[in-house]
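As structure tokens, the structure follows; a few thoughts come after it.
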Amino acid sequence: MLKQKIIFILFLSTVFGDFTAPINDEIFNFTHILFEWEQEKDAVSYNLIIYKDNDEISSIVDSTLATVIDVFYWNEEYTIKLRALDEDGQYTGWMDSIQISILPLNNEYDTPDVYINNEGYQDGYTVIKERIIDRSGNIIYMWPHNPLLYCITNVLDNGQIIGFQSGQGTSQNNGLRSDIKGNILWVSPGRVIRELLPITFDNELHYMGLVRETYRNTVPEWPGKISWDDAGIDSINWFSDVILIWNEDGDEIWSWSAREHYSFEDVDTNFVEMLIGNIDPVENAEFDWTHANSLYFDETDSTIMICSRHISRISKIHYPSGEIIWNLGKDLPSNDIVFGQNIDISGQHAIRKLDNGNLMVYDNGNFKDPELSRGLEIYVNDDDTLLAEIIWEYNLTDSLYTHKHGDCDRLENGNSLITAGQKETLVEVDSLNNIVWAAKVDAQYRALRIPGLYPLIFSVELPNFTENISFPLIALPVGNTSFEFIIYNEGYLDFDFEYTIFDELGWFNESNVVNIASGQSLEISIPGEIEDISYYNTLTLHVCPVSINEVECKEFIIQIATLLTNVADPLLKIPDSYLLYQNYPNPFNPMTTLRYDLPEDGLVNITIFDIMGRSVTTLVNIEQNAGQKFINWNVTNFAGESISAGLYFYNIQAGNFTQTRKMILLK
């Protein structure tokens, strides 16, 4: 079972009816906002109304317990109210009301110009640098901090992002993992250049990135070297790339150096001329030898692909040995075996492996005649006979030739999204290479198309409960019975969910994993047998998405009452007289349940006292309807602090009735 982390715990026995997200007065750096709330008694759906400057701008009805609302604009404030609808279509009173605000949009941003928008567009949103835009070019997300992100490389299944920063203020740690709100959760131990990806080892999240290695080496061999020889300079500063893998603690667990695996003879003289051919020969000159710009980790066969732009080469590396399996690209001076010369890549970017096993790459086309950039899908036969063949190709127009940067990605519907980096243009083409969408943006390193901001949204609906929202109670018949609940998956990914249900008296005990497709729900019925009607029972239901990443799990602590009937939606009998029961369990730690009977409506007060007669906390002080009641105490005082073990007393006052009992808190 994959590791899960519980971020959010919901105690159903104490809270109902409010928003659980967002919190009041929360400020957002995006305009598509997830709202979640607690289940309300007798509700069949919920109504959210959005107000701006006291004017209603939208009304939304949802039958689950979560929804994403996208009617918000930058630099605005809103009020959102929540109420329930019952089975007769009648509204309840307002359950909750919160205020939120959206940050002003960074004044450096221009709205992208979408100049082609035809049928066939792959639904979703496009990630450009530290922003996300919709189909019309409207910005729906921005990174909220300086320095800005240079590139978002990946979105995890929990909605967190992986990326790296560049420019001023990023001379040290600049690879990061962050939540959608910009809270940074991990930073790279060393400065990442041009790539950072999430990978999985032993069901744990790890990070694979590129870092720079600098050293002295001889001036590379190319026709212009003669001027350096004449100046008496035989060595300069070289730098090349190192692949590093870190764990969550930032420990380096593996590395691979281009310096140790490539031959220094293998230089592309065109790039040498571009880099140092037009500078005066000096000893502190710098030569960017390999300039790797992308990585791909294939978990299925434990290999890594590295795309090295300045030697026009893609290498497949065995993990963990580091042995080069093959090199695809140009023939270079050494005797290293290279194949795929027919593909004729030059200065390429963004290596990926598609689901069909083919490779996808953006070929910048440097130094060709004519210089043209293109997207490629390449079939590679890497058995005994190495063979590379172009399966698909899209040539950008002359005006979109991109001397550096660029990306090409295959979308879910078979379209391809091509990023002409320095030409500030995105082009989406269908399988027949017809342009279906194009946008003028700013200079881009890469672009991603994602279905939305929320890969994971789920809610759990319980059976209808009796009593008021402060003290929910579910009644089950004695004998063969069942407990039902529904899990809704409203994120854009299919997900496995693990649920566990158990109780104090052994009525229910089950754990299982179920898969729920995006946009679907699953009703789960847990059989049980109830033989004892002498107690209220406490049932715990735990539901958690299965992921190696941090996810929000939901835990419900529910009080169960037994009935001698087997009628749907039974009503609890109104007691004939007041009664305060002995708490259960007793002695106890860390929680106990206090049961009491009310024969009539009225004000009820239940207070805990210590052995000196000092009040510790008040559990109930509200008007309540007649009925069988209970309240849990989690051994905290008025301040929410845990208290010491010992003898305590609990007292009820209701109408003219008062009664006191004692209980023992264990260490």
Checklist (1) on the phi < 0 side of the Ramachandran plot; (2) among the charged types (D, E, K, R); (3) touching a residue at least 12 places away in the same chain (Cβ under 8 Å) applied to R194, failing item: (1)
Go over the candidates N117, N146 one by one and state the one that is open to solvent by 30 Å² or more (accessible area, probe 1.4 Å), out of contact with any strand residue (DSSP E or B) (no Cβ under 8 Å at 6 or more places or on another chain) and polar (S, T, N, Q). N146
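Please work out if G159 is farther than 22 Å from G406 by Cβ and at pLDDT 95 or above.
On the way: farther than 22 Å from G406 by Cβ: yes; at pLDDT 95 or above: yes.
The answer is yes for G159.
Determine which member of the set G120, G124 is over 26 Å from the mean Cα position of the chain (by Cα) and touching a residue at least 40 places away in the same chain (Cβ under 8 Å).
Working: G124 fails: over 26 Å from the mean Cα position of the chain (by Cα).
Checking each option against the conditions leaves just G120.
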In region 269-285, how many residues are assigned to a loop (DSSP other than H, G, I, E, B) and crowded, with 17+ Cβ neighbours inside 10 Å? 2
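Might you check whether a residue that is within 12 Å of C307 (Cα to Cα) and at pLDDT 95 or above occurs anywhere in region 333-346? Working first, answer last.
Of all residues in region 333-346, those within 12 Å of C307 (Cα to Cα) come to 345-346.
Those left that are additionally at pLDDT 95 or above: 345-346.
Within region 333-346 (the criterion being within 12 Å of C307 (Cα to Cα) and at pLDDT 95 or above), the answer is yes, since at least one residue qualifies.
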Taking N621 and the conditions (1) open to solvent by less than 60 Å² (accessible area, probe 1.4 Å); (2) modelled with pLDDT of 90 or more; (3) within 42 Å of the chain's Cα centre (by Cα), which numbered condition does it fall short on, given that it satisfies the others? (1)
Please verify whether region 173-183 includes one or more residues that are surrounded by fewer than 18 Cβ atoms within 10 Å (Cβ to Cβ), free of Cβ contacts under 8 Å to residues at least 24 places away in the same chain and of a type in the set (G, A, S). no
Can you name the strands (runs of 3 or more DSSP E) wholly within region 293-360 that have at least 1 residues being within 30 Å of the chain's Cα centre (by Cα)? 303-308, 313-318, 349-353
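So that you can scan it fast, the table gives a plain yes or no per residue for (1) open to solvent by 30 Å² or more (accessible area, probe 1.4 Å); (2) farther than 22 Å from L462 by Cβ; (3) at pLDDT 90 or above:
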{"residue": "K554", "(1), (2), (3)": "no, no, yes"}
{"residue": "I557", "(1), (2), (3)": "no, no, no"}
{"residue": "I560", "(1), (2), (3)": "no, no, no"}
{"residue": "L563", "(1), (2), (3)": "no, no, no"}
{"residue": "V567", "(1), (2), (3)": "yes, no, no"}
{"residue": "I574", "(1), (2), (3)": "yes, yes, no"}
{"residue": "L579", "(1), (2), (3)": "yes, yes, yes"}
{"residue": "N586", "(1), (2), (3)": "yes, yes, no"}
{"residue": "L598", "(1), (2), (3)": "no, yes, yes"}
Restricted to region 385-409, and to residues that are part of a loop (DSSP other than H, G, I, E, B) and without any contact (Cβ under 8 Å) to a residue 24 or more places away in the chain, which residue is surrounded by the fewest Cβ atoms within 10 Å (Cβ to Cβ)? T385
Given (1) touching a Phe, Trp or Tyr at 6+ places or on another chain (Cβ under 8 Å); (2) at pLDDT 95 or above, index of the condition D241 fails: (1)
What are the residues in region 185-234 that are closer than 25 Å to S255 by Cα, among the hydrophobic types (A, V, I, L, M, F, W, C) and out of contact with any strand residue (DSSP E or B) (no Cβ under 7 Å at 6 or more places or on another chain), if any? F201
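This table checks each residue for (1) touching a strand residue (DSSP E or B) at 6+ places or on another chain (Cβ under 8 Å); (2) hydrophobic (A, V, I, L, M, F, W, C); (3) open to solvent by 10 Å² or more (accessible area, probe 1.4 Å).
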| residue | (1), (2), (3) |
| --- | --- |
| F630 | yes, yes, no |
| F638 | yes, yes, yes |
| G646 | yes, no, yes |
| I652 | yes, yes, no |
| K667 | no, no, yes |
Since H310 meets every condition but one in (1) of a type outside the set (S, T, Y); (2) buried (at least 23 other Cβ atoms within 10 Å of the Cβ); (3) on the phi > 0 side of the Ramachandran plot, which condition does it not meet? (3)
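Across region 239-261, what is the number of residues that are within 18 Å of Y296 (Cβ to Cβ), touching a residue at least 60 places away in the same chain (Cβ under 8 Å) and not in a strand (DSSP E or B)? Break it down stepwise before answering.
Taking region 239-261 first, the residues within 18 Å of Y296 (Cβ to Cβ) are 241-246, 254-256, 258, 261.
In the following step, the residues that additionally are touching a residue at least 60 places away in the same chain (Cβ under 8 Å) were identified as 241, 243, 254, 256, 261.
Filter once more, so that each one left must be not in a strand (DSSP E or B): 261.
Count: 1.
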Specify which of the listed residues (T111, T126, T92) is modelled with pLDDT under 95, farther than 16 Å from E26 by Cα, not in a loop (DSSP other than H, G, I, E, B) and not aliphatic (A, V, I, L, M). T92
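Collect the residues in region 335-384 that are of a type in the set (F, W, Y), open to solvent by 70 Å² or more (accessible area, probe 1.4 Å) and under 21 Å from M274 (Cβ atoms), keeping them in residue-number order. Steps first, answer last, please.
First, pick out the residues of region 335-384 that are of a type in the set (F, W, Y): 339, 362, 367, 379.
Okay, now just the ones that are also open to solvent by 70 Å² or more (accessible area, probe 1.4 Å), so 367, 379.
Hit for region 335-384 is F367, nothing else.
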Hits in region 507-533 - residues which are open to solvent by less than 60 Å² (accessible area, probe 1.4 Å) and under 30 Å from Y584 (Cβ atoms): W507, F508, E510, I524, I526, G528, I530
Checklist (1) in a loop (DSSP other than H, G, I, E, B); (2) exposed (fewer than 14 other Cβ atoms within 10 Å of the Cβ); (3) touching a residue at least 24 places away in the same chain (Cβ under 8 Å) applied to T290, failing item: (2)
Of the residues that sit in region 588-644 and are assigned to a strand (DSSP E or B) and among the acidic types (D, E), which one is farthest from G655 (Cα to Cα)? D610
Within region 384-419, tally of residues that are within 19 Å of S294 (Cβ to Cβ) and of a type in the set (S, T, Y): 4
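The values are calculated or read from the model by the stated rules, or taken from the named source; none is laboratory data. Please read all numbers here as calculations on a predicted model, not as lab measurements. No Cβ is skipped: glycine too gets one built from the backbone with ideal geometry, and neighbour counts run over all protein chains shown. Note: accessible area is taken over every heavy atom of the protein model, side chains too, but ligands, DNA and RNA are not part of it. Shrake-Rupley method; radii C 1.70, N 1.55, O 1.52, S 1.80 Å.
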